[in-house]
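A.B. asks: Below: one structure in structure tokens.
The values are calculated or read from the model by the stated rules, or taken from the named source; none is laboratory data. These numbers were taken from a predicted model, which means no experiment stands behind them. Cβ atoms come from the backbone with ideal geometry, glycine included; neighbour counts cover every protein chain shown. Side chains included, ligands, DNA and RNA excluded: accessible areas come from the protein's heavy atoms. Shrake-Rupley method; radii C 1.70, N 1.55, O 1.52, S 1.80 Å.
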Amino acid sequence: MIDDLKAQIAALRARTAPLEPGLEEREALAQRALAHAQAFLEAIPDAPSRQPAADVFLHRLEPEFPDAGRDPAAVLDYLGTCVEAPGFATTSPRFMAYIPGGGVFHAAIGDFLAAVSNKYSGFASAAPGATRLENATAAWLAEAIGYPTGAAGTLTSGGSIANLSAVVAAREARDPDGGGAVYATRFAHHCVDKALHIAGRARAPRRTVATDERHRMSPAALEQALAADQAAGIRPWLVIASAGTVDTGAVDPLSDIAGICRRFGAWFHVDGAYGGLFALCDEGRERLRGLSLADSVVVDPHKTLFLPYGTGAVLLREGQHLLDAFSASADYIRPLGDFDVGPSPADLSPELTRHFRALRLWLPLQLAGVDAFRAAQSEKLALARYFHARLSMLAGFDAGPPPDLSVVAFRFLPEKGDADAFNERLLHAVQEEGRVMLSGTRIDGRFTLRCAIVSFRTHIEHVDEAIDALARGVSRLQAP
Ligand SMILES: *Cc1c(COP(=O)(O)O)cnc(C)c1O
């Protein structure tokens, strides 16, 4: 019986061989993948910023999930044609739609190494070095936004989960039994609604705070709303401000809001998924004054630190609040000793087993150095002002107010006809060309174009191209 079993086990083992390629096969595979990646990267400067969705079906792998492994060349060809090409080229320097970031190469190496070593970064006991990196990276982010020691944070999959984590921490700290009211402007990101919903606060009293002519939260309106609720016996719970709205990049007056929150005992949360990390550079820090007074801040390294998608962060001024919200173990309340690497990521987030995320941020900071990131951010802020100045000189455009950060929201004002329809056609014309990718939004019902200069690859010639594409689009649409 044992012999039969042994024979059976040996046969099964032989079939598992493809799971552990040998040295030479690994080398060949890695070389192929690297060559593929290099070709992709080399094509970026001239590749379109958008390619037809229909290309997804140019080829098929039949059957898609084969019993025996297939030739890596066929797989990489398929990926190149049907996966990497179609849709938006978020790696393009001419991609200035939504909130781009680009995706620095070092982060891909970080992901590769993290996956190879497969360290269990959820727990300090399992991976002390990885956990130290997670905490050191979060501490660096906290320091970048001006938080004092005692702050803590954790890397998430993105800004949405980071906002959810902050809302849960705010709930545990200030609204455990419910009933507290929530305040935000109409420019708050929709993930905040999702977060409140998941956190069981979808039915919390909600107040939409008025904004000024530059789409920033009005402190007077906020104060009025909080006072009215307090007078009516409703407890002000959570104020959600924006450090860079997606629509226009507007930064709410954070210092004023912090003072008001303090007076009313409300939790002050800042969604800085797009703009918060501009605090790394001098100009950005100036514009984000008051950010460090927030109880919680969300930032998105996959936007303003140019990482590939998959990394957001939630930061708490008093780190204990994050532990209180998410720790499942009781032994976390201890001072950091010499050999202590800080709290386990599993005690700071809803996740247990997770990707070793810190490496994709830590490695680029090591290899490229912090100054390159700081300079890229300053460059983006300057390029946005440059775009705004050039657009202001183009006949027919309303460039809107100068940008707070690196998003410019603007419109073309046709002499006759429907301005909304014209701007929608203009956006379509620019997008169809496939050179420069911009996006649009509706602000108070008016269709508005957006140019978001965030990618580390976007430089002045690309911004010039965007101006040219808009000018071309207008003349084409106005041609008799
Ligand atoms: C991008 C963004 C989010 C959502 O973050 P994800 O990383 O896409 O989940 C939330 N708020 C703002 C202001 C953003 O720019």
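A.B. asks: Counting other C-beta atoms within 10 Å, and keeping those with at most 11, which DSSP coil GluC sites (Glu not before Pro) do you find in segment 360-460?
C.D. replies: Details: sites: GLU379, GLU415, GLU424, GLU432, GLU433; in loops: GLU415.
In loop regions of segment 360-460 (DSSP not H, G, I, E or B), the sparsely surrounded GluC sites (Glu not before Pro) are GLU415.
A.B. asks: Hey, another quick one. Order the following by accessible area, largest value first: ARG206, ARG70. Probe radius 1.4 Å; ligands, DNA and RNA are ignored.
C.D. replies: Most to least solvent-accessible, the answer reads ARG206, ARG70.
A.B. asks: Let me ask something else. Would you please classify the overall shape of segment 109-370 from the alpha carbon gyration tensor, given that a ≥ b ≥ c denote the square roots of the eigenvalues, rounded means a/c under 1.5, and beyond that prolate means a/b larger than b/c while oblate covers the rest? Let's see the in-between values first.
C.D. replies: Numbers: a/c = 2.05, a/b = 1.51, b/c = 1.36.
Prolate.
A.B. asks: Take peptides 121-132, 469-480 and line them up by average Cβ neighbours within 10 Å, highest first, as a rough protection proxy. Can you show the working numbers first?
C.D. replies: Numbers: 121-132: 18.8, 469-480: 14.8.
Order by mean packing, descending: 121-132, 469-480.
A.B. asks: Whole-Hz Karplus ³J(HN,Hα) for segment 218-227, in order, using 6.51 cos²θ - 1.76 cosθ + 1.60 and θ = phi - 60°, x for Gly and Pro?
C.D. replies: 8, x, 4, 5, 5, 4, 4, 5, 5, 5
A.B. asks: Relative contact order for the chain: what is it in percent, counting Cα pairs under 8 Å that are at least 6 residues apart?
C.D. replies: Values: 887 pairs, mean separation 98.5, N = 480.
Worked out over the chain, it gives 21 percent.
A.B. asks: In segment 247-299, with Lys and Arg counted as +1 and Asp and Glu as -1 at Cβ, which of these residues, TRP267, LEU254, LEU277, has the Cα nearest the positive end of the dipole, that is, farthest along it?
C.D. replies: TRP267
A.B. asks: Ranked from highest to lowest mean number of other Cβ atoms within 10 Å per residue, what is the order of the peptides 5-11, 403-409, 257-263, 112-118? Write out the running numbers ahead of the final one.
C.D. replies: Details: 5-11: 9.6, 403-409: 26.4, 257-263: 19.0, 112-118: 13.4.
In decreasing order of mean packing, 5-11, 403-409, 257-263, 112-118 become 403-409, 257-263, 112-118, 5-11.
A.B. asks: In nanometres, what is the gap between the two model label sites at SER125 and ILE234, each 7 Å from Cα along Cα-to-Cβ?
C.D. replies: For SER125 paired with ILE234, the spin-label model returns 4.7 nm.
A.B. asks: Next up: Apply the Karplus parameterisation 6.51 cos²θ - 1.76 cosθ + 1.60, with θ equal to phi minus 60°, to every residue of segment 397-413 and state each ³J(HN,Hα) to the nearest whole Hz, in sequence, with x for glycine and proline.
C.D. replies: Computed from phi, the couplings for segment 397-413 are 8, 9, 7, x, x, x, x, 5, 10, 10, 10, 10, 9, 8, 9, 8, 10 Hz.
A.B. asks: Give the carbon-plus-sulfur fraction of the accessible surface of segment 376-475 in %, rounded to a whole number; probe 1.4 Å, heavy atoms of protein chains only.
C.D. replies: Working: 2070 of 3880 Å².
On segment 376-475, the fraction of accessible area on carbon and sulfur atoms equals 53 percent.
A.B. asks: For segment 179-330, just say rounded, prolate or oblate: build the C-alpha gyration tensor, square-root its eigenvalues into a ≥ b ≥ c, call rounded for a/c under 1.5, and beyond that prolate if a/b exceeds b/c, oblate if not.
C.D. replies: Values: a/c = 1.62, a/b = 1.17, b/c = 1.38.
Here segment 179-330 falls in the oblate category.
A.B. asks: Where the centre of each part is set by its Cα atoms, how far does segment 1-62 sit from segment 370-386, in angstrom?
C.D. replies: Value for the Cα centre distance between the two parts: 38 Å.
A.B. asks: When DSSP beta bridges are limited to those with both residues in the chain, what percentage is antiparallel, rounded to the nearest 5? Numbers along the way, then the final one.
C.D. replies: Working: 24 of 42 bridges.
In the chain, DSSP labels about 55 percent of beta bridges as antiparallel.
A.B. asks: Each residue of segment 196-203 in order: what ³J(HN,Hα) in whole Hz does its phi give by Karplus 6.51 cos²θ - 1.76 cosθ + 1.60, θ = phi - 60°, with x for Gly and Pro?
C.D. replies: 4, 5, 5, 7, x, 10, 4, 9
A.B. asks: Can you tell me the accessible area per residue over segment 109-370, all protein chains present, probe 1.4 angstrom, in square angstrom? Intermediate results must be reported in sequence, preceding the final value.
C.D. replies: Working: 10600 Å² over 262 residues.
About 40 Å² of surface per residue is accessible.
A.B. asks: Also, quick follow-up: Using Cα centres only, tell me the gap between segment 274-320 and segment 91-151 in whole Å.
C.D. replies: 13
A.B. asks: Roughly how many debye, to the nearest 20, is the charge dipole of segment 109-370 about its Cα centre, given +1 on each Lys and Arg Cβ, -1 on each Asp and Glu Cβ, and no other charges?
C.D. replies: Values: 24 positive and 27 negative charges, 74 e Å.
Taking the Cα centre of segment 109-370 as origin, the dipole is about 360 debye.
A.B. asks: Calculate for the chain the 222 nm mean residue ellipticity that helices alone would give, adding -39,500 (n - 2.57) per DSSP H run of length 4 or more and normalising by residue count, nearest 500 deg cm²/dmol. Mind showing how you got there, number by number?
C.D. replies: Numbers: 16 runs with 205 residues, N = 480.
Roughly -13500 deg cm²/dmol at 222 nm, from the helical runs in the chain.
A.B. asks: Straight distance only, please: which lysines reach the Cα of LYS303 with their own Cα at less than 30 Å, same-chain residues fewer than 8 apart left out?
C.D. replies: The qualifying lysines are LYS119, LYS194, LYS380.
A.B. asks: Whole number in Å², please: accessible area per residue of segment 371-478, 1.4 Å probe, ligands, DNA and RNA not counted.
C.D. replies: On the way: 4460 Å² over 108 residues.
For segment 371-478, the solvent-accessible area averages 41 Å² per residue.
A.B. asks: Which order do the peptides 442-454, 16-28 take when ranked by the mean count of other beta-carbon atoms within 10 Å per residue, highest first?
C.D. replies: Working: 442-454: 19.1, 16-28: 9.8.
Going by the mean number of other Cβ atoms within 10 Å, highest first, we get 442-454, 16-28.
A.B. asks: Mind grabbing the accessible area of SER160 for me, 1.4 Å probe, Å², rounded to tens?
C.D. replies: Ignoring ligands and nucleic acids, SER160 comes out at about 60 Å².
A.B. asks: Once Lys and Arg get +1 and Asp and Glu get -1 on their Cβ, which of GLY342, PHE456, ILE240 lies farthest toward the positive end of the dipole of the chain?
C.D. replies: Value computed over the given set: ILE240.
A.B. asks: Right, next: Have a look at the chain and give its Rg and Dmax from the Cα atoms, expressed in angstrom.
C.D. replies: Using the Cα atoms of the chain, the pair Rg, Dmax is 24.9, 90 Å.
A.B. asks: Within segment 109-261, what percent of beta bridges assigned by DSSP are antiparallel, to the nearest 5? Could the numbers behind the result be given before it?
C.D. replies: Values: 2 of 10 bridges.
Around 20 percent of the beta bridges assigned by DSSP in segment 109-261 are antiparallel ones.
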